[in-house]
Amino acid sequence: MDKKEIEKAVLETDEETIAKTDWDSIWKKKYPILERYPDEVDIESYVPQLVEMLYRLQRENGYSRVDAFLVLKDILGHIYKRR
């Protein structure tokens, strides 16, 4: 499947199908670290800073919870690509 076919499939997938899809299971198959990190990482120690970042995005930019989450996720993706 080439890039254009993937893009078309994503854009044409309806919200009902997206909601029914077990994305966690799919990503864990592709990236096994997602299955095991909860046993290795003190997740709760990261929560306060991440929650504050989400609230800050909402407060300063008027974003909804979902939009703030997507923006923060995108920012992290850009950081990853730069390094």
Q. For Ile75, are the conditions met, namely being surrounded by 10 or more Cβ atoms within 10 Å (Cβ to Cβ), in a helix (DSSP H, G or I) and within 14 Å of the chain's Cα centre (by Cα)?
A. yes
**Q.** Set Tyr80, Tyr63: member being part of a helix (DSSP H, G or I) and not basic (Lys, Arg)
**A.** Tyr80
Q: Check whether at least one residue in region 8-16 is in contact with a Leu (Cβ under 9 Å, 6 or more places away or on another chain), free of Cβ contacts under 8 Å to residues at least 12 places away in the same chain and of a type in the set (Ser, Thr, Tyr), and report yes or no.
A: no
Q) Do any residues in region 41-64 that are in contact (Cβ under 8 Å) with a residue 40 or more places away in the chain and among the basic types (Lys, Arg) have Cβ atoms under 8 Å from those of residues that are part of a helix (DSSP H, G or I) and open to solvent by 60 Å² or more (accessible area, probe 1.4 Å), where the two are at least six apart or on different chains, and which pairs are they? A) none
Q: Kindly provide the set of residues from region 29-45 that are in a helix (DSSP H, G or I), open to solvent by less than 100 Å² (accessible area, probe 1.4 Å) and either on the phi > 0 side of the Ramachandran plot or not polar (S, T, N, Q) (or both), ordered by number.
A: Ile33, Leu34, Tyr37, Pro38, Ile43
**Q.** Matching residues in region 47-72 - criterion: being open to solvent by 100 Å² or more (accessible area, probe 1.4 Å) and under 21 Å from Trp27 (Cα atoms)
**A.** Phe69
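The values are calculated or read from the model by the stated rules, or taken from the named source; none is laboratory data. Note that the structure is predicted; figures quoted are calculated from it, not measured. Because the Cβ atoms are built from the backbone with ideal geometry, glycine has one as well, and the counts that use them run over all protein chains shown. Side chains included, ligands, DNA and RNA excluded: accessible areas come from the protein's heavy atoms. Shrake-Rupley method; radii C 1.70, N 1.55, O 1.52, S 1.80 Å.
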